[in-house]
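Let me begin by presenting the structure, written as structure tokens, before commenting on it.
The values are calculated or read from the model by the stated rules, or taken from the named source; none is laboratory data. Everything numeric here is computed off the predicted structure, so don't read it as measured data. Because the Cβ atoms are built from the backbone with ideal geometry, glycine has one as well, and the counts that use them run over all protein chains shown. Only protein heavy atoms, including side chains, enter the accessible area calculation; ligands, DNA and RNA are left aside. Shrake-Rupley method; radii C 1.70, N 1.55, O 1.52, S 1.80 Å.
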Amino acid sequence: MRALALALGVALLSVPAAGARGPDPKIAYVHGRNALLIYSGSALRQPILLPRSGTPHWSGDGRLVSFGGYIVAGGVQLPAADLAWAPSGERAAYVTEGGGAGIWSSRGRRTVVPDGWGAESVAWSNGGALALGRAVCSGACGLPSHTEIWIWRRGSLRKLLKTDGGRPQPFAWHDGHVLWWDWPNSGSIAADGVRLYESERRIATALMYRDYVSVCGSHLAVAAGGDRYAMHGKQILFDGRDVSDDRSRSWVSPACTAAGGLVASASNNTTPNRIGREHRAIWQLLPTRRQLTQPPAGWTDEYPVLFADGSVLLVRTRQLPFNKNGEWWTTTHAKLELLRGGKLTQLRELTFSGPDSGGDWLNYYGHYDWPSRLAVAP
């Protein structure tokens, strides 16, 4: 495994640079312990067998890839279920299984707060500061104490704010402020919307999905709206303004650029009687408004990623249920597509099946959780 990881690290560094047309994105995909690196500008595809599954992430410079707490190049396994890469370079922050937090770099590891401190999540700023959510439990945890957000910078720790009892989950920064979810200590309550804050200011109520908030330079895009059904009542707020401006559709998964470009995925605005018929299309909302894709019947276009040159990566998805020995299973078919210059190019087909009772859900009330399986680096 270590030899494979070292060989992979060399391969990551040797992929040709992008040309003037814009970057050729690199995609990391994971299903179970099987991972795959996809290079859109070449025929190179690299399979990886992981020690255990985990959400994929690219380092800030796009040279390293991780799955959960496992960093492939060098075969580093951090004592964490996941990590957060700094926006630039090759530093990763993580929450330990014991409620501490640390930082990894090629120079080694550094403790930020010790186990038992109550760390919940971490988020890097562009300037190298680290936000830490804190919630301290004693024994069986009902309502935790010390629900706070702290800021670590160059070895110094200070308290930013105290919350009203929900578990604060910082996940990003915007214009020097911490973006965080006020998780209400209940998964069933959170399923119908969570309060989203920018430091002390509440800015929206939204579903707590990674692809429902996008920070792009000074811009902030949010798929706002409660109700667990992703096909119902969602709108896109861009810098606080409703730019979707069409209540006949439910708008999700905004993706933006620092120059002010914005795309999102939209379905009919309805409470569906059956999950799996979303039939979303990708729309450009800024700088001008137009529909970019028209998926065939039975398919839905999900999780757009927008690049500076206007290219869009998307996952065209279809799910088919079937009965196997008296138990319901679902097969997910996906086409990873790159829309560039008005032309769709298929990069890879992805197919997997699993029992509906197995907990390996991709679609939850109309939200396809591709961000837990796909990570993109330009």
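Note that region 219-225 has calculated 3J(HN,Hα) couplings of 9, 9, 10, 9, 8, 9, x Hz, one per residue in order, obtained from phi through the Karplus relation 6.51 cos²θ - 1.76 cosθ + 1.60 (θ = phi - 60°); glycine and proline are x.
Roughly speaking, to the nearest percent, how much of region 29-98's 1.4 Å accessible area is carbon and sulfur? Ligands and nucleic acids excluded, carbon and sulfur reach 53 percent.
Summary of packing: across the peptides 288-297, 127-136, the per-residue average of other C-beta atoms within 10 Å ranks them, highest first, as 127-136, 288-297. When peptides 156-163, 145-152 are ranked by their average number of other Cβ atoms within 10 Å per residue, the highest-first order is 145-152, 156-163. Summarised in one figure, the compactness ratio Rg/Rh of region 268-378, Cα atoms and Kirkwood Rh, is 0.99.
Annotation: lysines with alpha-carbon distance below 26 angstrom to Lys26 (same-chain offsets under eight excluded): Lys335, Lys343. Residues whose amide H falls under 5 Å from that of Leu161, counting only those 5 or more places apart or on a different chain, are Ile149, with hydrogens built in the peptide plane. Take every Cα pair under 8 Å whose residues are at least 6 apart in sequence, average their separation, divide by the length of the chain, and the relative contact order is 10 percent. Shown in residue order for region 60-67 are the 3J(HN,Hα) couplings computed by the Karplus curve 6.51 cos²θ - 1.76 cosθ + 1.60 at θ = phi - 60°: x, 8, x, 9, 10, 10, 10, 10 Hz (x for Gly and Pro).
Shape class for region 143-210: oblate, because the ratio a/c of the largest to smallest gyration tensor axis (alpha-carbon atoms, square roots of eigenvalues) is 1.5 or more and b/c is at least a/b. Sequence-distant contacts, meaning Cα pairs under 8 Å at least 6 residues apart, place the relative contact order of region 140-209 at 21 percent. Which of rounded, prolate or oblate describes region 194-265 when judged by the alpha-carbon gyration tensor and an a/c cut-off of 1.5? Oblate, since a/c reaches 1.5 and b/c is not below a/b. For a straight C-alpha distance cut-off of 18 angstrom, the aspartates and glutamates reachable from Lys234 (same-chain residues fewer than eight places away being disregarded) are Asp192, Asp211, Asp242, Asp245, Asp246, Glu278, Asp301, Glu302, Asp369. Gain on full extension, evaluated as 0.36 nm per residue between Leu36 and Asp245 minus their Cα-Cα distance, stands at 71.4 nm. Under 5 Å between amide hydrogens, built in the peptide plane, is the criterion, and for Ala204 it picks out Leu196 among residues at least 5 positions away or on other chains.
Per residue, how much accessible area does region 259-377 show when a 1.4 Å probe rolls over the protein heavy atoms, in square angstrom?
47 Å²
Please say if region 213-313 is rounded, prolate or oblate, where rounded means a/c under 1.5 for a ≥ b ≥ c the square roots of the C-alpha gyration tensor eigenvalues, and otherwise the choice is prolate for a/b larger than b/c and oblate otherwise? Cα axes put region 213-313 in the oblate bin. The HN-Hα couplings worked out from phi for region 119-131 by the Karplus form 6.51 cos²θ - 1.76 cosθ + 1.60 (θ = phi - 60°) are 5, 10, 7, 9, 8, 8, 8, 5, x, x, 7, 10, 8 Hz, whole numbers, x standing for Gly and Pro. When you count the other C-beta atoms within 10 angstrom of each residue and take the mean per peptide, 344-352, 111-119 line up highest first as 111-119, 344-352. Each eigenvalue of the Cα gyration tensor of the chain, multiplied by 5 and square-rooted, gives one semi-axis; in descending order these are 30, 26, 22 Å.
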